[in-house]
1. Could you identify the single residue in B:Asp152, B:Asp133, B:Asp112 that is among the acidic types (Asp, Glu), within 14 Å of the chain's Cα centre (by Cα) and more than 22 Å from A:Tyr81 (Cα to Cα)?
2. Scanning the stretch B:73-104 for residues that are of a type in the set (A, V, I, L, M), more than 7 Å from chain A (Cβ to nearest Cβ) and under 16 Å from the mean Cα position of the chain (by Cα), which turns out nearest to B:Gln129 (Cα to Cα)?
3. Check whether at least one residue in the stretch B:17-38 is exposed (fewer than 13 other Cβ atoms within 10 Å of the Cβ), more than 14 Å from chain A (Cβ to nearest Cβ) and over 24 Å from A:Phe126 (Cβ atoms), and report yes or no.
4. For A:Lys37, which of the numbered conditions (1) modelled with pLDDT of 95 or more; (2) within 20 Å of A:Asp75 (Cα to Cα) fails to hold?
5. Select from the stretch B:3-12 the residues that are outside any loop (DSSP other than H, G, I, E, B) and of a type outside the set (Gly, Ala, Ser) and list them in ascending order.
6. Taking interchain pairs and intrachain pairs at least six residues apart, which have beta carbon atoms under 7 angstrom, with the first residue in the stretch A:120-131 and more than 14 Å from chain B (Cβ to nearest Cβ) and the second among the acidic types (Asp, Glu)?
7. Considering each residue of the stretch B:13-32, count those that are in a loop (DSSP other than H, G, I, E, B) and within 27 Å of B:Gly114 (Cα to Cα), and give that number.
8. Mind checking which residues of the stretch A:1-52 are touching a Leu at 6+ places or on another chain (Cβ under 9 Å) and among the basic types (Lys, Arg)?
Number of protein chains: 2
Amino acid sequence: MTATAQRATISKPTDREIRVERTFDASRDRVWDAYTKPELLAQWWGRGNKVVLEKMEVERGGHWRYVEHHHGGSDGFEGRYREVTPRDRIVQTFEWDGMPGYVIINTVEFNDLGDGRTKLITTSLFSNQDERDGFLNSGMEGGMNESYAALDRLLAKSE
Amino acid sequence: MTATAQRATISKPTDREIRVERTFDASRDRVWDAYTKPELLAQWWGRGNKVVLEKMEVERGGHWRYVEHHHGGSDGFEGRYREVTPRDRIVQTFEWDGMPGYVIINTVEFNDLGDGRTKLITTSLFSNQDERDGFLNSGMEGGMNESYAALDRLLAKSE
C-alpha cells in the first residue's frame, strides 16, 4: 500500500470547536499504536523535531507531557487523559507552556473505514471563541499537516 | 478583632459560572498569605482534614497538587496557575482526580474593603452548564463554608 498524500478537512462545528478529519492508509490498530505507543509517537509528533516524552500514561487520569526541541529552544505541552477507549477514542486535555492554564479538550476518534484505511476525527474544544480563533490563527494548520505527513511516513514504513 | 461568622453569597453570573463572595475579618495581605503560603493554606484548605501539598508553585505556569486525607481514603486535586498578581488576583485551573480532564478555571479576587476586612470573590468557570450544575449539586457549598470557617479561625488566631 502506498501512502497517498491526504488532505485534512478543517471545520468549526460550534463557536468553541475545531474539527479536523484526516484519512490514513493504515489499519485502525496501527494508527492507534502510532498514537499511544511512546516509541512510535516520538517519531511523528514533533514533525522532524526531537520530542522528549517526559510522561505518557495512556489511561484515564494519567498525565502526559511532551517537550519539543527545535532551533529556537523548546516547547512544553502537557495534559491529562479523560478517557481512553482502546482503538476507538481518546479524550485528553492539552495545554501549551506558553499559555499555562488555557486548556483545550481534544477528542480523537479512530474510525475503521473497512478498506484498510482509518479516518481520524479530532475535535478540539476551547473555553471560548477567542481562544479557538487565536489557536486557528497561530499556524496550527501547518504544524498539524506536517505532523500528519510524518505519521503517513511512519505508517508506510512500519507496514 | 473578633472573627464574625460570615455567610458566603453564591450566584450564577452565566450558565457556565459560579460566583462566591465572602468577607473575612482580616487585611488583604493576611488573606493573600493564607492563600499562597503552604504552611498557612494547609491549615484551612482541608477543613480539619490533613492536606499534603505535593506541589504549590505560586507563579504563572506553576503547578499545584494537594491530597486531602480523610476517613474514606484520600482525594487528589491539582491544576496550574494561569495568573498570579500579588495581593490582587489568582487565576488557576482546578481538577479533581475523580473526574480527570474536567477542568475548572478559578479566578480569586482579593478586595480590600478599607476597614480591615477583605472581600474574596471567587469565580469558577466550567466547560458547560451540566458540569457547573453537577458541581453545585455535589455538596460543594457545605465543603466551601467549612473551608472558609477554618480560614476564619486561622485569621483570628494569627492576628
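The values are calculated or read from the model by the stated rules, or taken from the named source; none is laboratory data. Values in this document were obtained by computation on a predicted structure and should not be read as measured data. Every residue, glycine among them, receives a Cβ derived from its backbone with ideal geometry; neighbour counts consider all protein chains shown. Just the protein is used for accessible areas: all its heavy atoms, side chains included, with ligands, DNA and RNA removed. Shrake-Rupley method; radii C 1.70, N 1.55, O 1.52, S 1.80 Å.
1. Numbers: B:Asp133 fails: within 14 Å of the chain's Cα centre (by Cα); B:Asp112 fails: within 14 Å of the chain's Cα centre (by Cα).
None of the other options fit; the residue is B:Asp152.
2. Within the stretch B:73-104, the first condition is being of a type in the set (A, V, I, L, M), and the residues that meet it are B:84, B:90-91, B:99, B:103-104.
From what is left, the residues that are more than 7 Å from chain A (Cβ to nearest Cβ) are B:84, B:90, B:99, B:104.
Now narrow it down to the ones that are under 16 Å from the mean Cα position of the chain (by Cα): B:84, B:90, B:104.
On the way: B:Val84: 27, B:Ile90: 23, B:Ile104: 12 Å.
Here the residue is B:Ile104.
3. Of the residues in the stretch B:17-38, the ones exposed (fewer than 13 other Cβ atoms within 10 Å of the Cβ) are none.
Scanning the stretch B:17-38, I find no residue that is exposed (fewer than 13 other Cβ atoms within 10 Å of the Cβ), more than 14 Å from chain A (Cβ to nearest Cβ) and over 24 Å from A:Phe126 (Cβ atoms), so the answer is no.
4. With (1) modelled with pLDDT of 95 or more; (2) within 20 Å of A:Asp75 (Cα to Cα) applied to A:Lys37, the lone miss is (2).
5. If we filter the stretch B:3-12 for residues that are outside any loop (DSSP other than H, G, I, E, B), which is where we start, we get B:9-11.
Correct list: B:Thr9, B:Ile10.
6. A:Ile121/A:Glu21; A:Ile121/A:Glu109
7. Within the stretch B:13-32, the first condition is being in a loop (DSSP other than H, G, I, E, B), and the residues that meet it are B:13-16, B:25-27.
After this cut, where a residue has to be within 27 Å of B:Gly114 (Cα to Cα) as well, the list is B:13, B:25-27.
Here the count works out to 4.
8. A:Lys12, A:Arg16, A:Arg22, A:Arg28, A:Arg30
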